[in-house]
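Report on the following structure.
The values are calculated or read from the model by the stated rules, or taken from the named source; none is laboratory data. If you're wondering where the values come from, they're calculated on a predicted model, not measured in any experiment. Ideal geometry is used to build each Cβ from the backbone, glycine not excepted, and the neighbour counts take in all protein chains shown.
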Amino acid sequence: MGDIEHLIGLTGPFGSGCTTAAKYLEKKSGFKAVGLSNHLRDKWSSEHPSQQPRRRDLQSLGDQLRTDEGNDTLVRRALAGISDKHVVVDGIRNVGEISYLRNTYGYHFTLLGIIPTFDARWDRLGANLYSDDKKGMKAFFADDERDQDEDTPHGQQVRKCIDQADILIDNSEDVTLGEYKRKVLNYAELALGLEQRPPYREEIMMNVAYSMCHSSRCLKRHVGAIVVDSSGEAVGFGFNENPKGMRPCKEEHGCCFKDKQKAEHLKQIVDDFGALFCPLCGIRVALTDAGKADCQECKKRGVTKSVEDILFRERGMTWCTAIHAEAWALSNAGERARGGELFTTTYPCLQCAEKIVHAGIKTVWYTEPYPDPLSGNRLALADVGLRQFEGVRCFDRMFANTRPN
């Protein structure tokens, strides 16, 4: 652990404001700011001295380093030789980095998740960063999808990192720079024990939802939700799980049923047509033993999507056997859901959005850096309020000191 007394980590989609937060904490509170991408830029410059790296170049370099040296290699390299008492680490994008920091620093480590809207990120970063790219916003989308990838162990996993954040901070387009800086400083002081307060109502409700998500045995993602009626009482609880009477996928199938169906579908294409061809470039693609398919030619051209991503644009969700957390909570709440609120640890899918509208929910609170625009539009059409959750998730650490002696 060395001389570091407290370490704050920052995670979020690119353009979320993590670097701004790190620089402000360094200037205002004397933190030592450390950027994980700095090592990638230095390494790229040494290997390509006359070429400016694109974001996808740095992503690929980071993937390769994590593959060769372990998922925690960037944070280990960045902290080597650091002797400052208070350190802020900018650019955490893989859960292996979080695991290393938690195992090394324990309660002396706090992870802040910064969540902006897509429009805010494009306005602050995208228009300038991608102005020289012929594909423009398409390139921004491609890099963004790669950043949130959940299934590549050595890649960028921002969505999973946000799920593990101790504190979530909203940095949407309606948040001014001054407001954002004040929030970052306030939450940093709360983490350091310099500030004390009891939990807010929304924090209490969302933490109940997060408690529910631990009951899920889904192999992909654990989601929790609660319904609060118009009087403020929690009346419905849910988590994503297979229906009653059905065992979880790991016991029922030995793997995710959705992934199993996708693999069988790809193998059936090969059986029926003699081969599988990339939908983008038409080149023959080989299937792995696990039923996965990647086009190496498209990868060379910077295409981040796999063949199965293209063929199953909805990620095979129609084959998912689980009842979603929101649906389960609404079912338990019954008529008491009408006029109430729903707190969910992710963002509702389109099917859940329809159920939310039908149940008469007035407001949905969510924590999600990559919201689904289709379900968002559906909820907006029904005048259902959408609120980005902001606040503390690690209750015992932050609020234990408010207990009476």
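Taking the listed residues 339, 316, the one that is on the phi > 0 side of the Ramachandran plot, out of contact with any Leu (no Cβ under 9 Å at 6 or more places or on another chain) and at pLDDT below 95 is 316, with no other qualifying.
Can you find a residue in the range 321-331 that is in a helix (DSSP H, G or I), touching a residue at least 12 places away in the same chain (Cβ under 8 Å) and among the β-branched types (Val, Ile, Thr)? The answer is no, given that none of the residues of the range 321-331 is in a helix (DSSP H, G or I), touching a residue at least 12 places away in the same chain (Cβ under 8 Å) and among the β-branched types (Val, Ile, Thr). Out of the residues in the range 252-266 that are touching a Cys at 6+ places or on another chain (Cβ under 8 Å) and assigned to a helix (DSSP H, G or I), state the one that is nearest to residue 361 (Cα to Cα). By that ranking, first place goes to 258. When restricted to residues that are assigned to a loop (DSSP other than H, G, I, E, B) and within 20 Å of residue 222 (Cβ to Cβ), the range 335-358 contains 5.
Look at (1) touching a residue at least 12 places away in the same chain (Cβ under 8 Å); (2) more than 22 Å from the chain's Cα centre (by Cα) and you find that residue 61 fails only one, number (2). If you take the residues of the range 370-387 that are free of Cβ contacts under 8 Å to residues at least 12 places away in the same chain and either in contact with a Phe, Trp or Tyr (Cβ under 9 Å, 6 or more places away or on another chain) or among the polar types (S, T, N, Q) (or both), which of them is farthest from residue 357 (Cα to Cα)? Taking the candidates together, the pick is 373.
Filtered by the rule that a residue be within 22 Å of the chain's Cα centre (by Cα) and under 17 Å from residue 190 (Cβ atoms), the range 76-106 gives a lone residue, 88. Would you confirm whether or not the range 322-335 contains a residue that is surrounded by fewer than 19 Cβ atoms within 10 Å (Cβ to Cβ) and in contact with a helix residue (DSSP H, G or I) (Cβ under 7 Å, 6 or more places away or on another chain)? Looking for residues that are surrounded by fewer than 19 Cβ atoms within 10 Å (Cβ to Cβ) and in contact with a helix residue (DSSP H, G or I) (Cβ under 7 Å, 6 or more places away or on another chain), one finds none in the range 322-335, hence no.
Among the residues making up the range 234-251, a single one is touching a residue at least 60 places away in the same chain (Cβ under 8 Å) and in a helix (DSSP H, G or I): 249. When we screen 228, 270, 235, 223 for residues that are within 19 Å of residue 317 (Cβ to Cβ) and among the β-branched types (Val, Ile, Thr), the only hit is 223. For residue 309, indicate whether it is out of contact with any Asp or Glu (no Cβ under 8 Å at 6 or more places or on another chain), outside the structural domain of residue 59 (by TED's automatic domain parsing), assigned to a helix (DSSP H, G or I) and modelled with pLDDT of 85 or more. In short, no. Checking the structure you have, find out if any residue of the range 53-69 is within 24 Å of residue 299 (Cβ to Cβ), part of a helix (DSSP H, G or I) and among the β-branched types (Val, Ile, Thr). For the range 53-69, residues within 24 Å of residue 299 (Cβ to Cβ), part of a helix (DSSP H, G or I) and among the β-branched types (Val, Ile, Thr): present. Restricting 228, 223, 184 to those that are outside the structural domain of residue 333 (by TED's automatic domain parsing) and crowded, with 23+ Cβ neighbours inside 10 Å reduces the list to 184. Scanning the range 386-405 for residues that are modelled with pLDDT of 85 or more and of a type in the set (Lys, Arg), we see that the one that is surrounded by the most Cβ atoms within 10 Å (Cβ to Cβ) is 393.
So that you can scan it fast, the table gives a plain yes or no per residue for (1) out of contact with any helix residue (DSSP H, G or I) (no Cβ under 6 Å at 6 or more places or on another chain); (2) under 18 Å from residue 342 (Cβ atoms); (3) not acidic (Asp, Glu):
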residue: 163; (1), (2), (3): yes, no, no
residue: 180; (1), (2), (3): yes, no, yes
residue: 201; (1), (2), (3): yes, yes, yes
residue: 205; (1), (2), (3): yes, yes, yes
residue: 215; (1), (2), (3): yes, yes, yes
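Screening residue 211 against (1) surrounded by fewer than 20 Cβ atoms within 10 Å (Cβ to Cβ); (2) over 20 Å from the mean Cα position of the chain (by Cα); (3) small (Gly, Ala, Ser) leaves a single unmet condition, (2). Among the residues of the range 45-65, the one identified as within 19 Å of residue 14 (Cα to Cα) and touching a Pro at 6+ places or on another chain (Cβ under 9 Å) is 61. The residue that is modelled with the lowest pLDDT, among those in the range 367-379 that are outside any loop (DSSP other than H, G, I, E, B) and touching a strand residue (DSSP E or B) at 6+ places or on another chain (Cβ under 7 Å), is 376. Scanning the range 25-40 for residues that are part of a strand (DSSP E or B) and in contact with a His (Cβ under 9 Å, 6 or more places away or on another chain) returns a single hit, 32.
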